[in-house]
Amino acid sequence: DAMVIQNPRYQVTQFGKPVTLSCSQTLNHNVMYWYQQKSSQAPKLLFHYYDKDFNNEADTPDNFQSRRPNTSFCFLDIRSPGLGDAAMYLCATSRDPRVDEQFFGPGTRLTVL
Amino acid sequence: AQKITQTQPGMFVQEKEAVTLDCTYDTSDPSYGLFWYKQPSSGEMIFLIYQGSYDQQNATEGRYSLNFQKARKSANLVISASQLGDSAMYFCAMRGARTGANSKLTFGKGITLSVRP
């Protein structure tokens, strides 16, 4: 089935140790999004790619970077994770951001020790 | 700027009964879309239902319906015949139809629904 896949589902890293989360999609959607969601809060958009165009949210820390090497894959890099970066990270896709719903992956729960 | 408000405390409903989850919104866009997502404890955000601001009829998807009152700027989700598997967090979200900042989803804070057997 077409879907949004996130690996790993659970990631444990150490304070300051770089970590990469991955997202892939078989929907061939143009747009891929990364959200951060902390416990009992709404998802917070970090950035998104519209095809190859990268769109960073103004309040996304520089510690967070993203790469989209092709249509199917998108990566979230956290260069120096802090304790405050522990959260669920959700990847989503949409075909046309103006009219279509976003399809979410299962998320990666990041723990920072 | 777009804003979604979900102010209900945790909601409880008896299995097989109907429940309404409230959502109000604010936007200056003449055209916009409203969404409801369900997030079970596993974490995945599941799309439930969509309502366009110019849609003449309220959206329905199986047991889910959206009570859209444009003048009141409300988009309440109605779940009929609640099931134990409906226990989850529910998020209301809005997107403006234009490109740029308003093309992204703005989420409310969510409502926790618990279905009692």
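Points worth noting:
- Answer from A:Tyr35, A:Tyr49 - the residue that is within 9 Å of another protein chain (Cβ to nearest Cβ) and of a type outside the set (Gly, Ala, Ser): A:Tyr35
- Odd one out for B:Ala71, checked against (1) part of a strand (DSSP E or B); (2) hydrophobic (A, V, I, L, M, F, W, C); (3) farther than 15 Å from A:Glu101 by Cβ: (1)
- Residues located in segment B:15-48, provided they are outside any loop (DSSP other than H, G, I, E, B), within 21 Å of B:Ser80 (Cα to Cα) and either at the interface with chain A (Cβ under 9 Å from one of its Cβ atoms) or not hydrophobic (A, V, I, L, M, F, W, C) (or both): B:Thr20, B:Thr24, B:Phe35, B:Tyr37, B:Lys38, B:Gln39, B:Ile46, B:Phe47
- Residue in segment A:63-83 that is crowded, with 17+ Cβ neighbours inside 10 Å and of a type in the set (D, E, K, R) present: yes
- All positions within segment B:58-76 that are over 15 Å from B:Cys23 (Cβ atoms) and basic (Lys, Arg): B:Arg63
- Any hit, segment B:13-29, residues being on the phi > 0 side of the Ramachandran plot and buried (at least 16 other Cβ atoms within 10 Å of the Cβ): no
- Yes/no for A:Glu101 being buried (at least 18 other Cβ atoms within 10 Å of the Cβ), within 11 Å of chain B (Cβ to nearest Cβ), under 16 Å from B:Leu105 (Cα atoms) and among the charged types (D, E, K, R): yes
- Those residues of segment A:4-38 which are part of a loop (DSSP other than H, G, I, E, B) and farther than 18 Å from A:Ile78 by Cβ, in sequence order: A:Thr26, A:Leu27, A:Asn28, A:His29, A:Asn30
- For segment B:86-98, residues that are under 14 Å from the mean Cα position of the chain (by Cα) and more than 14 Å from chain A (Cβ to nearest Cβ) total 1.
- Checking each residue in segment B:49-85 for being within 14 Å of chain A (Cβ to nearest Cβ), of a type outside the set (Phe, Trp, Tyr) and closer than 20 Å to B:Met11 by Cα picks out B:Ile49, B:Leu66.
- Output for segment A:57-85, where each listed residue is within 14 Å of chain B (Cβ to nearest Cβ) and either of a type in the set (D, E, K, R) or out of contact with any Phe, Trp or Tyr (no Cβ under 9 Å at 6 or more places or on another chain) (or both): A:Glu57, A:Ala58, A:Asp59
Coordinate-derived values only; no laboratory data. Since this is a predicted model, take the numbers as computed values, not measurements. Note that each Cβ is placed from the backbone with ideal geometry, even for glycine, and that neighbours are counted across all protein chains shown.
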